[in-house]
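Student: Quick one: the structure is below, questions incoming.
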Amino acid sequence: MDTHADTNGAAAGAGAAAAAQQAVISVSGLTKEYGDVKAVRGIDFEVARGETFGFLGPNGAGKTTTIKILCTLANATSGTALVAGHDARTERDAVRRNIGLVFQDTTLDSYLTAEQNLRFHAELYGVPKAAVQPRMRQVMDMVGLWDRKDSLVSTYSGGMQRRLEIARGLLHAPHVLFLDEPTVGLDPQTRSSIWAYINDLKRREDITIFLTTHYMDEAENCDRIAIIDHGKIVAIDTPEELKASVGKDRVQIQTADDTKAIAALKETFGIDAAVHEGAVTFSVASGEQFVPRLFAELPVPIRSVSVSRPSLDDVFMSYTGSTIRDAEASGGDAMRAMAQRFRAGMGRR
Amino acid sequence: MATQTTDVTPAPDAGLLVEEIRVAVPERGLRHDLRAAGIVWRRELIRFRTDRLRAITSLIQPVLFLFILGTGLSALAGRGMPPGISFKTFIYPGVLAMSVLFTAIFSSASIVWDREFGFLREILVAPVSRAAIVVGKCLGGATIATFQGIIFLILAGFAHVPYNPLLILTLIGELLLLSFTLTAFGVMMAARIKQFQAFMALTQMLVMPLFFLSGALYPLAGLPAWLSVLTRIDPLTYIVGPMRHAVFSHLAMPASFQQQLAPAITWDGWAVPLGLSVGLVAAMGLGMMAVAIAEFRKTE
């Protein structure tokens, strides 16, 4: 019987053990290939205990594949992944005991009531019988669904289902909660309410959260973010540091002739601009001071102008060369096919 | 042995909740596996209970066979029957076997369904042995299919089959075994076939030949050689035979009629004992369940 490197940290040990104690998730040299498609191309990162860590990237960038490997649902082609001190490949059950999962597609049984779904989970995870009822109440209260516990899940709205899944993921008191696109497909109001629950959860439980998202605004809720593109991590830091690293303001202008404007920007100011989201977009060190010069010297009429402080969007753009929406729109059929394959593969196991 | 303990302390505003709920997910052990198999089994029952339509529609086909086909063919087939024995009585055991066929297969189809709708993932990421899940599933399917068979057993009187307690118990036992083996077969298929449509098409394609070759509608004696061989390959034969034997041994009739209507299954002239026949079906069920477990152990 192997002894768990308890993430509660009581286990004393060598230097290596002490390091593992801090990092709840530790990934090195991880790759995953599906036939010819390289979904993950060698990534390394660590997630500290209690951290909310976000994986940010367009669809098909390798986020879901990474989660699948961390959750023991897929084997890495090479590299290692340690979760709560256990190898995700060789100590599956130990990893599974320590993690809670919320997938992007629902994994509830809609023919059962909410309570029956949770009870199923409790039995499957071997939650001690005496703890089942109070814990069930606790997690359902947390997401405000206790009153609806006897309703069939098929009568729940999308947002309620997601909340129930979060509650279920927490039922066995995992050390790490994985949220794969927890708000995808939900309306903005529901999205923000889901985030309210997640933030509340961070306050209440000693838990590490690993999430993926392709919503920039949601990534701001994370303590640290890894930007992943084409199966590689291109940047990893706190949202603030990442934004500071860009150091430039983003200027977007609507012009009468975009092509001419881009050429003029290059010629007059030596600035590389491109059309993103229907506007000529470029970055300059201090946007407010640049705008008057722009109006004075650009030969093309300007209809509107907007200057924004660096956002995660800009971070993404500066590291990958495209906005996340562009990356998804132009990611092409190959990307989409890949994403489809992951999803199909996800269902397979 | 280290057991992981997590203290969950709810925030003060959590109302009337207990101060601290200790949730410790135990190391995997037999007790945990039994609980897991138990809940997978129970889910089948809950879903069967809430899906009354399924229970009713699954009965339509055997009822048609027994009352429409059975009555219609009586005039013709009845001539070959001993006096006082109805053709309906003759086909009753086979049709009884049929009554569990679809329910058992359909219950395993829910794995394919669960895969498409994501619920299977919830099961597969649990820290529990794949064997517990598959065993729970097979027993769950076996249980609900047997329920279905029991409903059909209530109609035994209409086919002039006596309500003898010993007979009823024997038939229920045989139905349970048959249902288990059929569910194991379905689960094994469901482990490999990912599309619901394909699964349904394939199983439907297999179910009818299995039924027709099992001797459910005709005695297994005096058949042309080719058909005789095919009937011996059909696994269903080895349970329909014992079921018919059970029914006919509870009817008052001369031994020669019994020989004629419920002959022993023979392999090249050697009569297969009932015990071996039933044992074969059990062994097949267990074998297919083992294959299913191995399939579910694989990881992408």
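Only the coordinates and a few stated rules stand behind these numbers; no lab work does. Bear in mind that the values here come from a model prediction, so they are computed numbers and not experimental data. Please note: Cβ atoms are built from the backbone with ideal geometry, for glycine as well, and neighbour counts cover all protein chains shown.
Student: How long are the semi-axes of the equivalent ellipsoid of region B:31-297, defined as square roots of 5 times the Cα gyration tensor eigenvalues? Whole Å, largest first.
Tutor: For region B:31-297, the ellipsoid semi-axes come out as 34, 19, 17 Å.
Student: A further question on this structure: Let me know the whole percent of all Cα-Cα pairs from region B:219-292 that are separated by more than 14 Å.
Tutor: In whole percent, the share of Cα-Cα pairs in region B:219-292 beyond 14 Å is 63.
Student: Now for a different question. Could you tell me which of the pairs A:129/A:202; A:38/B:298; A:232/A:266; A:149/B:194 are separated by over 28 angstrom between their Cα atoms in the structure shown?
Tutor: Distance filter (> 28 Å) returns A:232/A:266; A:149/B:194.
Student: Neighbouring Cβ atoms within 10 Å as the yardstick, rank B:41, B:226 fewest first.
Tutor: B:226, B:41
Student: For a quick check, take a GNM of chain A with Cα springs below 10 Å and name the residue from A:268, A:320, A:72 with the largest mean-square fluctuation.
Tutor: A:268
Student: What distance in nm separates the simple spin-label points at residue A:87 and residue A:260, each placed 7 Å from Cα in the Cβ direction?
Tutor: 6.6 nm
Student: Additional query: Expressed in nm to one decimal, what extension gain is obtained for the pair residue A:220 and residue A:288 from 0.36 nm per residue of sequence separation less their Cα-Cα distance?
Tutor: 22.1 nm
Student: Of B:134, A:43, B:57, which is farthest along the charge dipole of the protein assembly as shown in the positive direction, counting Lys and Arg as +1 and Asp and Glu as -1 at C-beta?
Tutor: B:57
Student: Relative contact order (percent) for chain A, with alpha-carbon contacts under 8 angstrom and 6 or more residues of separation?
Tutor: Answer for chain A is 19 percent.
Student: Only helical DSSP H runs with n ≥ 4 go in: add -39500 (n - 2.57) per run for chain A, normalise by residue count and round the 222 nm mean residue ellipticity to 500 deg cm²/dmol.
Tutor: -12500 deg cm²/dmol
Student: Mean separation of Cα pairs under 8 Å and 6+ residues apart, divided by the residue count of region B:31-297: what relative contact order is that in percent?
Tutor: Relative contact order comes out at 24 percent.
Student: Across peptide B:112-118, what mean number of C-beta atoms from other chains lies inside 10 Å of a residue's C-beta?
Tutor: Whole-number average of other-chain Cβ neighbours for B:112-118 is 4.
Student: Now for a separate question. With charges only on Cβ, +1 for K and R and -1 for D and E, what is the dipole size of chain A about its Cα centre, in debye, rounded to 20?
Tutor: Magnitude of the dipole: close to 800 debye.
Student: Next question. Any idea what diffusion coefficient chain A gets from Stokes-Einstein, in µm²/s, Kirkwood Rh on alpha carbon pairs, 4 °C, 1.567 mPa s?
Tutor: Result for D is 59 µm²/s.
Student: Hey, what's the Kirkwood Rh for region A:243-333 if you take every pair of different alpha carbons, in angstrom?
Tutor: Final number for the Kirkwood radius of region A:243-333 is 13.5 Å.
Student: Would you mind working out the magnitude of the charge dipole of region B:96-219 relative to its Cα centre, with +1 at each Lys and Arg C-beta and -1 at each Asp and Glu C-beta, to the nearest 20 Debye?
Tutor: The dipole magnitude comes to about 300 debye.
Student: Compute the distribution of all C-alpha to C-alpha distances in the protein assembly as shown, in bins of 10 Å from 0, and list the percent of pairs in each, rounded to whole numbers.
Tutor: Calculated over all Cα pairs of the protein assembly as shown, the distribution is 3, 14, 20, 19, 15, 12, 9, 5, 2, 1, 0, 0 percent.
Student: Right, something else. Once you average over the residues of A:102-112, how many Cβ atoms of partner chains fall within 10 Å of each Cβ?
Tutor: 5
Student: Assign unit charges at the C-beta atoms only (+1 for Lys and Arg, -1 for Asp and Glu), then state the dipole size of region A:243-333 relative to its Cα centre in Debye, rounded to the nearest 20.
Tutor: Once rounded to the nearest 20, the dipole reads 300 debye.
Student: Grab the beta carbon distance between residue B:276 and residue A:37, set R0 = 60 Å, and tell me the FRET efficiency rounded to 0.05.
Tutor: Computed FRET efficiency for residue B:276 and residue A:37 comes out at 0.70.
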